[in-house]
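One structure below.
What follows is calculated from the coordinates using simple rules that are stated; it is not laboratory data. This is a predicted model, so every value here is computed, not measured. FYI the Cβ positions are ideal-geometry reconstructions off the backbone, even for glycines, and counts take in every protein chain you see.
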Amino acid sequence: MHDPINNNIKVFKERFLDACSKSSRKASDISIIAVSKKKENSIIRQVFAGGFKNFGENFAQELAQKSEDLKDLNIVWHFIGPIQSNKVNLVASSADWVHSIDRKKIISKLDNACKKNNKVMNVCIQINIDNEDTKSGIHPDNLLEFSAFIKEHTNLKLRGMMVLPKLSDDLTHNEKVMRKCFALHANLKLVNPDANILSMGTTSDFESAIKCGSNMIRIGESIFGKRL
């Protein structure tokens, strides 16, 4: 019987290992987040059984429900969508990581919510590397000042930065932007050595991201299949 999810996982792992080999990167140095938004719990269980332990969600309510329903699994939950002020408590109680930090107001609220939950949240600063009006994220020039503000909050642990580079048909241009992200991240690590995560790369561009130094990729379609 044809099993599309396990077949997707097999094909993706082959592509992933090939990308690591071509870039002389160790596969164990790169974390894979399976982006499971809008996917049923039974499918998430199947992907977990296929060797994935990091899962990403874009919506706070969905994250909260899934983290409760799947609490028997040792899943590390990553919140990768924009955080609304009225959803901070849900995210704080359900997530292990937040990748979309880009507002000081949210930083303060999330820190307070984590205090109440007696936890320290791993956070990444979202950078709007191409200054796109349609995307969230801070301006690259504000990265170090913004990181210093996060460090003032004891229930948040700055782990790195997250970027969503604009996709184009020009592979050379795309990789030039990714190398710019890698250099920006290197500057962040000089000041914050623990901020060693560069969350960059999706189904569409993860091979280039690995080539350009990413150590955390966010994969949806290649694992779960095309959205219907």
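If the condition is being over 18 Å from the mean Cα position of the chain (by Cα) and part of a loop (DSSP other than H, G, I, E, B), then the range 161-174 contributes 168, 169, 170. Within the range 137-160, the presence of at least one residue that is within 17 Å of the chain's Cα centre (by Cα) and in a loop (DSSP other than H, G, I, E, B) is confirmed.
Inspect the range 84-99 for any residue being part of a helix (DSSP H, G or I), under 26 Å from residue 52 (Cα atoms) and hydroxyl-bearing (Ser, Thr, Tyr) and give the result as yes or no. Checking the range 84-99: at least one residue is part of a helix (DSSP H, G or I), under 26 Å from residue 52 (Cα atoms) and hydroxyl-bearing (Ser, Thr, Tyr).
Which of the residues spanning the range 189-222 are in a helix (DSSP H, G or I), touching a helix residue (DSSP H, G or I) at 6+ places or on another chain (Cβ under 8 Å), surrounded by fewer than 23 Cβ atoms within 10 Å (Cβ to Cβ) and of a type outside the set (Lys, Arg)? 191, 206, 207, 208, 222, listed by residue number. Would a scan of the range 175-187 turn up a residue that is assigned to a loop (DSSP other than H, G, I, E, B) and acidic (Asp, Glu)? No, because not a single residue in the range 175-187 is assigned to a loop (DSSP other than H, G, I, E, B) and acidic (Asp, Glu).
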